[in-house]
Amino acid sequence: MSILKLSREDQVPPGNYRFTVPETGYRIADIHTLQELYDKVEQHYRDNNIPLPDQWKELVVDQLCRQLPEGWCYYSDGKEYKGNASLLSFDNILKGITSLSALATEAASGGDPFVDQNEAEQRAKICSRCYYNQKSSFCMGCGGARMILDMVGKVKGGRTTTLDYMLQNCGICGCRNDAIVHVKKNILLKGEKEETTNKRPDWCWLKADNLSEASSQLHL
């Protein structure tokens, strides 16, 4: 497997060093040195009796790199890494939820566009532990944020999960995770380009064949 490596270890990356533990969802953030990040990751795994794989430091850096813009990392096999451009602007998030609303409305004419509560909960658990579950790049107290939340409400109605407080925006598609966890997979993929789906981590329920397979991939 070709993993990403930092090309600028002498500089602090945008957003500082950080890591989301896929097994627990614990987020280590605002770290200013790579060694401190390693120490905190190792401590969390030790405290929770979770074994670390032999190449865990490389995997920590790989996760970090997948959140950084162009010029910060490269693939271990020498291939160029173009970086991860942020999708979490107001326009992108609004566009995503508007598109989702249209797809769900269209699907509703032919039947129920939503999954059952148990599936929504399992999806929410996966999203809450994913490092692409990210905050938006604009103020959530502004009028634009209110518009987005109103649109989310129109899509999912009164549906909630016990993990809604942890669900933010998907850094791959710009979607609101608290909305998409309720919508059937075929509807979501209908509006998504294949290249976008391929960027998702292996544990993403939109990429894996089923929820069991996705959940089994939630490890470093």
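Derivation of every value follows stated rules applied to the coordinates shown; laboratory data play no part. Note that the coordinates shown come from a computational prediction; the quantities given were computed from them, not determined experimentally. FYI the Cβ positions are ideal-geometry reconstructions off the backbone, even for glycines, and counts take in every protein chain you see.
Where in the range 1-36 is the amide nitrogen less than 17 Å from a point lying 7 Å along the Cα-to-Cβ axis of residue 74?
Within reach of a label on residue 74: 2-11.
Based on Cβ point charges of +1 for Lys and Arg and -1 for Asp and Glu, what charge dipole magnitude is obtained for the range 4-75 about its Cα centre, in debye rounded to the nearest 20?
Dipole of the range 4-75, to the nearest 20 debye: 160 debye.
To the nearest 20 debye, what is the magnitude of the charge dipole of the range 90-216 about its Cα centre, counting +1 on the Cβ of each Lys and Arg and -1 on the Cβ of each Asp and Glu?
Charge dipole of the range 90-216: 280 debye, to the nearest 20.
By average Cβ neighbour count within 10 Å, what is the ranking of 15-24, 188-197 from highest down?
In decreasing order of mean packing, 15-24, 188-197 become 15-24, 188-197.
Using a 10 Å cut-off on Cβ atoms, rank the peptides 75-82, 203-210, 118-125, 26-33 from the highest mean neighbour count down.
118-125, 203-210, 26-33, 75-82
What does the charge dipole of the chain about its Cα centre add up to, to the nearest 20 debye, if the Cβ of each Lys and Arg holds +1 and the Cβ of each Asp and Glu holds -1?
580 debye
Reachable lysines from residue 184, Cα under 28 Å, same-chain residues fewer than 8 places away excluded?
Excluding near neighbours in sequence, the set is 95, 125, 135, 154, 156, 193, 199, 207.
Do the sum for the chain: with -39,500 (n - 2.57) for every DSSP H run of n ≥ 4, divided by all residues, what is the mean residue ellipticity at 222 nm, to the nearest 500 deg cm²/dmol?
-12000 deg cm²/dmol
State the Cα centre-to-centre distance between the range 8-69 and the range 172-220 in whole Å.
23 Å
Please work out whether the range 90-216 counts as rounded, prolate or oblate from its C-alpha gyration tensor, where a ≥ b ≥ c are the square roots of the eigenvalues and a/c under 1.5 means rounded, while otherwise a/b larger than b/c means prolate and anything else oblate?
In terms of gyration-tensor shape, rounded.
With r defined as the distance between the Cβ atoms of residue 58 and residue 16 and R0 fixed at 25 Å, what FRET efficiency is calculated, to the nearest 0.05?
0.80
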